[in-house]
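All remarks here apply to the structure that follows.
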Amino acid sequence: MQDWEQIIIANWKMQLNVQDSVKQAKQIKKLLDKNSINAATKIVVAPSFLAFSNVAEVFQNTRVVLGAQDSFEEDKGAYTGEVSLKNLQTLGCRFVSLGHSERRALGETDEVVNRKAKAVINHGLVPVICVGEPMKERQVHNSEDFVFRQLEKSLADIHIKEKHKVIIAYEPIWAIGTGDAMDPSEVGKMIQTIKSRYKLASVIYGGSIEPDNVHEFTKLKNIEGALVGGASLDAKTFVELIKKA
Ligand code: PEP
(Lines give C-alpha, C1' and ligand atoms only; values in the text may rest on other atoms or scores of the structure.)
Protein backbone atom coordinates (compact mmCIF):
# COMPACT_ATOMS: atom_id res chain seq x y z
CA MET A 1 0.00 0.00 0.00
CA GLN A 2 1.48 3.31 -1.12
CA ASP A 3 0.30 5.82 1.45
CA TRP A 4 3.22 8.25 1.32
CA GLU A 5 5.90 9.57 -1.00
CA GLN A 6 8.16 11.12 1.57
CA ILE A 7 8.60 10.49 5.28
CA ILE A 8 9.98 12.84 7.92
CA ILE A 9 10.77 11.20 11.25
CA ALA A 10 11.37 13.26 14.39
CA ASN A 11 13.67 11.55 16.88
CA TRP A 12 13.21 13.27 20.24
CA LYS A 13 15.74 10.96 21.90
CA MET A 14 15.83 11.51 25.69
CA GLN A 15 15.73 15.29 25.30
CA LEU A 16 12.24 16.18 26.56
CA ASN A 17 10.43 15.31 29.76
CA VAL A 18 6.77 14.25 29.65
CA GLN A 19 5.41 17.75 30.16
CA ASP A 20 7.64 19.28 27.49
CA SER A 21 6.87 16.43 25.09
CA VAL A 22 3.13 17.13 25.39
CA LYS A 23 3.73 20.85 24.97
CA GLN A 24 5.87 20.24 21.90
CA ALA A 25 3.28 17.86 20.40
CA LYS A 26 0.49 20.40 20.92
CA GLN A 27 2.55 23.13 19.24
CA ILE A 28 3.33 20.90 16.26
CA LYS A 29 -0.34 20.02 15.94
CA LYS A 30 -1.33 23.68 15.99
CA LEU A 31 1.27 24.67 13.41
CA LEU A 32 0.37 21.77 11.11
CA ASP A 33 -3.25 22.92 11.22
CA LYS A 34 -2.19 26.41 10.12
CA ASN A 35 0.21 25.40 7.35
CA SER A 36 -0.48 23.57 4.14
CA ILE A 37 1.76 20.56 3.84
CA ASN A 38 1.97 18.08 1.01
CA ALA A 39 -0.54 15.33 1.72
CA ALA A 40 1.98 12.73 0.49
CA THR A 41 4.41 13.56 3.29
CA LYS A 42 4.16 11.18 6.21
CA ILE A 43 5.04 12.83 9.51
CA VAL A 44 6.30 10.59 12.30
CA VAL A 45 7.18 11.62 15.85
CA ALA A 46 9.20 9.31 18.07
CA PRO A 47 8.96 10.52 21.68
CA SER A 48 10.52 8.88 24.71
CA PHE A 49 8.66 5.81 26.00
CA LEU A 50 7.60 7.70 29.13
CA ALA A 51 5.81 10.33 27.08
CA PHE A 52 4.54 7.92 24.43
CA SER A 53 0.90 7.60 25.45
CA ASN A 54 0.51 11.29 26.30
CA VAL A 55 1.94 12.31 22.94
CA ALA A 56 -0.18 9.69 21.15
CA GLU A 57 -3.25 11.26 22.73
CA VAL A 58 -2.33 14.72 21.43
CA PHE A 59 -1.83 13.40 17.90
CA GLN A 60 -5.03 11.37 17.85
CA ASN A 61 -7.06 12.15 14.70
CA THR A 62 -4.22 14.15 13.17
CA ARG A 63 -1.89 13.27 10.31
CA VAL A 64 1.02 12.67 12.69
CA VAL A 65 1.79 9.05 13.46
CA LEU A 66 3.83 7.66 16.29
CA GLY A 67 7.20 6.00 16.08
CA ALA A 68 9.27 4.28 18.75
CA GLN A 69 12.97 4.90 19.28
CA ASP A 70 13.49 1.18 19.98
CA SER A 71 11.46 -1.81 21.18
CA PHE A 72 11.87 -5.35 22.43
CA GLU A 73 10.99 -8.37 20.32
CA GLU A 74 8.82 -10.26 22.80
CA ASP A 75 5.18 -9.34 23.55
CA LYS A 76 5.14 -10.19 27.27
CA GLY A 77 7.24 -11.86 29.90
CA ALA A 78 10.05 -11.58 32.41
CA TYR A 79 12.10 -8.98 30.57
CA THR A 80 12.91 -6.34 33.15
CA GLY A 81 13.20 -2.87 31.72
CA GLU A 82 12.11 -3.76 28.19
CA VAL A 83 9.19 -2.27 26.25
CA SER A 84 6.79 -4.50 24.33
CA LEU A 85 6.13 -3.94 20.68
CA LYS A 86 2.57 -5.13 21.14
CA ASN A 87 1.90 -2.51 23.81
CA LEU A 88 3.45 0.19 21.65
CA GLN A 89 1.26 -0.93 18.78
CA THR A 90 -1.84 -0.62 20.97
CA LEU A 91 -0.87 3.00 21.59
CA GLY A 92 -0.70 3.72 17.86
CA CYS A 93 2.95 3.06 17.09
CA ARG A 94 3.55 2.35 13.39
CA PHE A 95 7.30 2.80 12.92
CA VAL A 96 10.17 1.52 15.07
CA SER A 97 13.73 2.82 14.81
CA LEU A 98 16.32 0.12 15.36
CA GLY A 99 20.08 0.28 15.65
CA HIS A 100 20.38 4.04 15.98
CA SER A 101 24.10 4.78 16.39
CA GLU A 102 23.43 6.05 19.92
CA ARG A 103 21.96 2.64 20.79
CA ARG A 104 24.75 0.81 19.00
CA ALA A 105 27.21 2.82 21.11
CA LEU A 106 25.45 1.35 24.18
CA GLY A 107 25.96 -2.20 22.93
CA GLU A 108 23.11 -2.93 20.48
CA THR A 109 24.51 -5.34 17.87
CA ASP A 110 23.45 -6.08 14.30
CA GLU A 111 22.19 -9.47 15.50
CA VAL A 112 19.88 -7.81 18.05
CA VAL A 113 18.71 -5.33 15.43
CA ASN A 114 17.93 -8.26 13.11
CA ARG A 115 15.85 -10.07 15.73
CA LYS A 116 13.96 -6.92 16.58
CA ALA A 117 13.42 -6.05 12.90
CA LYS A 118 11.83 -9.45 12.26
CA ALA A 119 9.52 -8.96 15.24
CA VAL A 120 8.55 -5.47 14.07
CA ILE A 121 7.70 -6.80 10.60
CA ASN A 122 5.77 -9.75 12.06
CA HIS A 123 3.64 -7.25 13.96
CA GLY A 124 2.83 -5.43 10.75
CA LEU A 125 4.89 -2.38 11.70
CA VAL A 126 7.72 -0.73 9.79
CA PRO A 127 11.29 -0.99 11.04
CA VAL A 128 13.58 1.99 10.46
CA ILE A 129 17.00 0.35 10.32
CA CYS A 130 19.68 2.91 11.12
CA VAL A 131 23.14 2.44 9.67
CA GLY A 132 26.14 4.69 9.17
CA GLU A 133 29.89 4.81 9.41
CA PRO A 134 32.05 6.47 12.06
CA MET A 135 34.64 9.07 10.99
CA LYS A 136 37.54 6.61 11.20
CA GLU A 137 35.94 4.40 8.52
CA ARG A 138 35.21 7.42 6.34
CA GLN A 139 38.83 8.54 6.60
CA VAL A 140 40.03 5.25 5.13
CA HIS A 141 37.32 5.29 2.41
CA ASN A 142 35.58 2.29 3.92
CA SER A 143 32.12 3.84 4.41
CA GLU A 144 30.34 1.70 1.85
CA ASP A 145 31.75 -1.61 3.12
CA PHE A 146 30.96 -0.64 6.70
CA VAL A 147 27.36 0.26 5.88
CA PHE A 148 26.81 -2.86 3.78
CA ARG A 149 28.16 -5.09 6.54
CA GLN A 150 25.66 -3.49 8.95
CA LEU A 151 22.83 -3.91 6.45
CA GLU A 152 23.61 -7.51 5.58
CA LYS A 153 23.55 -8.54 9.24
CA SER A 154 20.68 -6.31 10.32
CA LEU A 155 18.51 -7.46 7.41
CA ALA A 156 19.61 -11.12 7.38
CA ASP A 157 16.74 -13.41 6.28
CA ILE A 158 14.43 -10.44 5.75
CA HIS A 159 12.98 -10.39 2.26
CA ILE A 160 11.54 -7.03 1.38
CA LYS A 161 8.66 -7.83 -0.93
CA GLU A 162 6.79 -4.54 -0.98
CA LYS A 163 7.57 -0.83 -0.91
CA HIS A 164 7.34 1.03 2.40
CA LYS A 165 7.64 -2.09 4.53
CA VAL A 166 11.26 -1.48 5.54
CA ILE A 167 13.04 1.86 5.86
CA ILE A 168 16.81 2.16 5.86
CA ALA A 169 18.05 5.35 7.51
CA TYR A 170 21.56 6.22 6.33
CA GLU A 171 23.06 8.29 9.15
CA PRO A 172 26.83 8.81 9.08
CA ILE A 173 27.71 8.91 12.77
CA TRP A 174 29.98 11.93 12.42
CA ALA A 175 27.09 13.96 10.98
CA ILE A 176 24.62 13.29 13.80
CA GLY A 177 24.07 16.23 16.11
CA THR A 178 27.24 17.98 14.92
CA GLY A 179 25.84 20.63 12.57
CA ASP A 180 28.12 19.07 9.96
CA ALA A 181 25.77 17.40 7.47
CA MET A 182 27.21 15.16 4.78
CA ASP A 183 27.59 16.68 1.36
CA PRO A 184 24.31 15.95 -0.48
CA SER A 185 26.13 14.57 -3.52
CA GLU A 186 27.89 12.03 -1.30
CA VAL A 187 24.56 11.14 0.33
CA GLY A 188 23.13 10.70 -3.17
CA LYS A 189 25.84 8.19 -4.07
CA MET A 190 25.33 6.15 -0.91
CA ILE A 191 21.54 6.14 -1.40
CA GLN A 192 21.97 4.87 -4.97
CA THR A 193 24.32 2.12 -3.80
CA ILE A 194 21.94 1.03 -1.05
CA LYS A 195 18.97 1.13 -3.42
CA SER A 196 20.79 -0.98 -6.02
CA ARG A 197 21.08 -3.78 -3.45
CA TYR A 198 17.82 -3.24 -1.48
CA LYS A 199 15.50 -2.26 -4.30
CA LEU A 200 12.22 -2.16 -2.41
CA ALA A 201 13.54 -0.54 0.77
CA SER A 202 12.77 3.12 1.38
CA VAL A 203 16.04 4.93 2.01
CA ILE A 204 16.21 8.15 4.02
CA TYR A 205 19.07 10.32 5.32
CA GLY A 206 19.76 11.67 8.79
CA GLY A 207 22.53 13.90 10.13
CA SER A 208 22.29 17.61 10.94
CA ILE A 209 19.27 18.30 8.76
CA GLU A 210 17.81 21.77 9.24
CA PRO A 211 15.08 23.75 7.44
CA ASP A 212 17.79 25.44 5.38
CA ASN A 213 19.42 22.30 4.02
CA VAL A 214 16.58 19.74 4.01
CA HIS A 215 15.66 20.22 0.38
CA GLU A 216 19.24 19.59 -0.73
CA PHE A 217 18.68 16.04 0.51
CA THR A 218 15.03 15.41 -0.21
CA LYS A 219 15.46 16.40 -3.85
CA LEU A 220 18.03 13.64 -4.38
CA LYS A 221 17.07 10.78 -6.68
CA ASN A 222 15.70 7.75 -4.85
CA ILE A 223 15.70 9.33 -1.38
CA GLU A 224 12.38 9.04 0.42
CA GLY A 225 12.73 11.30 3.41
CA ALA A 226 14.70 12.33 6.45
CA LEU A 227 15.39 11.42 10.06
CA VAL A 228 15.65 14.55 12.17
CA GLY A 229 17.04 14.90 15.68
CA GLY A 230 17.96 18.38 16.92
CA ALA A 231 15.76 20.31 14.48
CA SER A 232 12.68 18.37 15.65
CA LEU A 233 12.95 19.70 19.19
CA ASP A 234 11.49 23.08 18.35
CA ALA A 235 7.97 22.95 16.90
CA LYS A 236 8.38 25.97 14.63
CA THR A 237 11.69 24.74 13.23
CA PHE A 238 10.33 21.23 12.72
CA VAL A 239 7.22 22.35 10.85
CA GLU A 240 9.31 24.76 8.77
CA LEU A 241 11.59 21.84 7.91
CA ILE A 242 8.62 19.70 6.84
CA LYS A 243 7.33 22.54 4.67
CA LYS A 244 10.69 22.90 2.93
CA ALA A 245 11.34 19.18 2.51
C1 PEP B 1 19.42 11.55 14.73
O2 PEP B 1 19.20 11.63 15.92
O3 PEP B 1 19.27 10.47 14.15
C4 PEP B 1 19.86 12.74 14.01
C5 PEP B 1 19.96 12.70 12.71
O6 PEP B 1 20.12 13.84 14.77
P7 PEP B 1 20.46 15.33 14.21
O8 PEP B 1 19.38 15.69 13.24
O9 PEP B 1 20.47 16.19 15.42
O10 PEP B 1 21.80 15.24 13.55
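So here's what we get for this one:
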item: Residue in the stretch 1-15 that is at positive phi and surrounded by 14 or more Cβ atoms within 10 Å (Cβ to Cβ) present; result: yes
item: Qualifying residue in the stretch 158-168 (condition: closer than 14 Å to Tyr198 by Cβ and in contact with a Gly (Cβ under 9 Å, 6 or more places away or on another chain)); result: yes
item: Hey, Lys136 in a helix (DSSP H, G or I), touching a residue at least 24 places away in the same chain (Cβ under 8 Å) and either more than 21 Å from Met182 (Cβ to Cβ) or out of contact with any Gly (no Cβ under 6 Å at 6 or more places or on another chain) (or both) or not; result: no
item: Residue ranges of strands (runs of 3 or more DSSP E) in the stretch 16-116 with at least 1 members at pLDDT 95 or above and open to solvent by 80 Å² or more (accessible area, probe 1.4 Å); result: 93-98
item: Complete set of residues in the stretch 166-192 that are in contact with a helix residue (DSSP H, G or I) (Cβ under 6 Å, 6 or more places away or on another chain) and more than 14 Å from the ligand (Cβ to nearest atom); result: Pro184
item: Criterion violated by Val112 - all others in (1) touching a helix residue (DSSP H, G or I) at 6+ places or on another chain (Cβ under 6 Å); (2) more than 16 Å from the ligand (Cβ to nearest atom); (3) of a type in the set (A, V, I, L, M, F, W, C) satisfied; result: (1)
item: Which listed residue, of Leu241, Leu151, is outside any loop (DSSP other than H, G, I, E, B), of a type in the set (A, V, I, L, M) and in contact (Cβ under 8 Å) with a residue 60 or more places away in the chain; result: Leu241
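The values are calculated or read from the model by the stated rules, or taken from the named source; none is laboratory data. Bear in mind that the values here come from a model prediction, so they are computed numbers and not experimental data. Cβ atoms come from the backbone with ideal geometry, glycine included; neighbour counts cover every protein chain shown. The accessibility values were calculated without ligands, DNA or RNA, using every heavy atom of the protein model including side chains. Shrake-Rupley method; radii C 1.70, N 1.55, O 1.52, S 1.80 Å.
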